[in-house]
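The values are calculated or read from the model by the stated rules, or taken from the named source; none is laboratory data. Because the structure is a prediction, the values reported are computed rather than measured. Every residue, glycine as well, gets a Cβ built from its backbone with ideal geometry; the counts of neighbours run over all protein chains shown. Just the protein is used for accessible areas: all its heavy atoms, side chains included, with ligands, DNA and RNA removed. Shrake-Rupley method; radii C 1.70, N 1.55, O 1.52, S 1.80 Å.
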Amino acid sequence: MNADQAKFLAEHYAAIIESEIPTTAKVLAAVGRGDGDYKPDPKSRSAIQLARHIATADGWFVQSVLDGKFEFDQAAAEKAEESLTTADDAVAFYEKSMRDKVHQLRTTPADKLAMEVDFFGFIKAPAVTFLAMAQN
């Protein structure tokens, strides 16, 4: 993949991710109108735990694309999730962080988006191609 192709794809995926932000925010907000402690199974995460995870994980994934490397820090992920105590916190964090990530995608140099990235030893591909996973 060349840099021009990577930049085209980055804009394509940035637009899709940007258009999905309001929908995801509505889903996260709905957790605040219900039983945030609800778990369909005792082994499952609660509704608020899932909302916190979605609010932070989506941004982490796009940031990994921007950084050109996928590294997961469990302690940092837990700390980020725990900082969101309510569904409203999750919504506010998600909207701000994802809009920032979309802006960063649009301003990232094309050659950086075309660089090969290793996805935890499973897949090696141009960084921009992982945005397909992020938008899904």
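At pLDDT 95 or above, assigned to a helix (DSSP H, G or I) and basic (Lys, Arg) - does that describe any residue in the stretch 18-34? Yes - at least one qualifying residue is present in the stretch 18-34.
For the stretch 1-30, enumerate the residues that are closer than 14 Å to Phe130 by Cα and either among the small types (Gly, Ala, Ser) or touching a Phe, Trp or Tyr at 6+ places or on another chain (Cβ under 7 Å) (or both). Of everything in the stretch 1-30, those that are closer than 14 Å to Phe130 by Cα and either among the small types (Gly, Ala, Ser) or touching a Phe, Trp or Tyr at 6+ places or on another chain (Cβ under 7 Å) (or both) turn out to be Ala6, Ala10, Ala14. Listed by first and then second residue, the pairs linking a residue in the stretch 1-20 that is over 13 Å from Ala127 (Cα atoms) to a residue that is among the aliphatic types (A, V, I, L, M) and modelled with pLDDT of 95 or more, with Cβ atoms under 6 Å apart and 6 or more places separating them unless they lie on different chains, are Ala14/Val102; Ala14/Leu105; Ile17/Val102; Glu18/Val102. Within the stretch 80-95, one or more residues are modelled with pLDDT of 95 or more, under 30 Å from Thr129 (Cβ atoms) and in contact with a Pro (Cβ under 9 Å, 6 or more places away or on another chain).
Filtered by the rule that a residue be over 18 Å from Ala87 (Cβ atoms) and either surrounded by 12 or more Cβ atoms within 10 Å (Cβ to Cβ) or among the charged types (D, E, K, R) (or both), the stretch 34-48 gives Asp41, Lys43.
Would the stretch 6-24 turn up any residue that is surrounded by 12 or more Cβ atoms within 10 Å (Cβ to Cβ), in contact with a Pro (Cβ under 9 Å, 6 or more places away or on another chain) and not charged (D, E, K, R)? Scanning the stretch 6-24, I find at least one residue that is surrounded by 12 or more Cβ atoms within 10 Å (Cβ to Cβ), in contact with a Pro (Cβ under 9 Å, 6 or more places away or on another chain) and not charged (D, E, K, R), so the answer is yes. Which one of the conditions (1) open to solvent by 70 Å² or more (accessible area, probe 1.4 Å); (2) at pLDDT 95 or above; (3) under 21 Å from Thr23 (Cα atoms) does Asp100 fail to meet, given that it meets all the rest? Every condition holds for Asp100 apart from (1).
Inside the stretch 114-136, residues that are farther than 16 Å from Ala15 by Cα and either open to solvent by 20 Å² or more (accessible area, probe 1.4 Å) or in contact with a helix residue (DSSP H, G or I) (Cβ under 6 Å, 6 or more places away or on another chain) (or both) make up a count of 13.
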